[in-house]
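Enquirer: Okay, handing you the structure first.
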Amino acid sequence: MNRTRLLTTMAVFVAIGTLGAQLLWFPAGVAKAYPVQHAVNVMAAVTLGPGPAVMIAFMIGLLRNMLGLGTLLAFPGGIIGALLAGYLFRVTGKNGMAALGEAIGTGVFGSLFAVPFARILLGSSAGAFFFIPSFLVSSITGALIGWFVVSRVKLENLLKKHV
């Protein structure tokens, strides 16, 4: 895949993740669930791989925070979920494994990483398992949406040039 096409695809994913978060969200325990971010992570992991998926997750988190549309907790969950989704897809070649990687990466690892992150940057004294339920609800919902999209859309042309 040439650089222009890669950057354009990444920019579209960032736009979808940033703006889509405001269109589709719901309360989930201590946080708001933004499943569009997780769906984008799965779609980016499958179509572009782990590196670009991580950059997209970082940019979505950065833009949402700069625009006042999210919290700093978007970083640990989104980035770790995108990395694990991309890695599991690369190893297995299965869309379902990318979705599972997103759910585990964000729902478990991201939520556990959010505890010291929240303590240092947000002054929160949340316990080790405080974020897991809300992160799991959001990541599983979004991972299923992302899995559904990549399973239904024809990706042959995009995948042939990159994978």
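The values are calculated or read from the model by the stated rules, or taken from the named source; none is laboratory data. Remember, it's a predicted structure, so these values are computed and weren't measured experimentally. Methodologically, a virtual Cβ is constructed for each residue, glycine included, from the backbone with ideal geometry; neighbour enumeration extends over all protein chains shown.
Enquirer: What residue, among those in region 68-90 that are closer than 23 Å to residue 152 by Cβ and aliphatic (A, V, I, L, M), is surrounded by the fewest Cβ atoms within 10 Å (Cβ to Cβ)?
Expert: 88
Enquirer: Additional query: If only one of 89, 75 is under 26 Å from residue 7 (Cβ atoms) and modelled with pLDDT of 95 or more, which one is it?
Expert: 89
Enquirer: Looking at this structure, is residue 115 of a type outside the set (S, T, N, Q), in a helix (DSSP H, G or I) and free of Cβ contacts under 8 Å to residues at least 24 places away in the same chain?
Expert: yes
Enquirer: Regarding residue 50, is this residue over 20 Å from residue 114 (Cα atoms) and without any contact (Cβ under 8 Å) to a residue 60 or more places away in the chain?
Expert: yes
Rundown of residues vs (1) surrounded by fewer than 19 Cβ atoms within 10 Å (Cβ to Cβ); (2) within 16 Å of residue 136 (Cβ to Cβ); (3) touching a strand residue (DSSP E or B) at 6+ places or on another chain (Cβ under 9 Å); (4) acidic (Asp, Glu), yes/no style:
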residue	(1), (2), (3), (4)
42	no, yes, no, no
50	no, no, no, no
95	no, no, no, no
119	yes, no, no, no
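Enquirer: Does residue 109 satisfy the condition of being touching a residue at least 24 places away in the same chain (Cβ under 8 Å), among the aromatic types (Phe, Trp, Tyr) and buried (at least 20 other Cβ atoms within 10 Å of the Cβ)?
Expert: no
Enquirer: For residue 75, indicate whether it is aromatic (Phe, Trp, Tyr) and more than 11 Å from the chain's Cα centre (by Cα).
Expert: Judged against the criteria, residue 75 is not a match.
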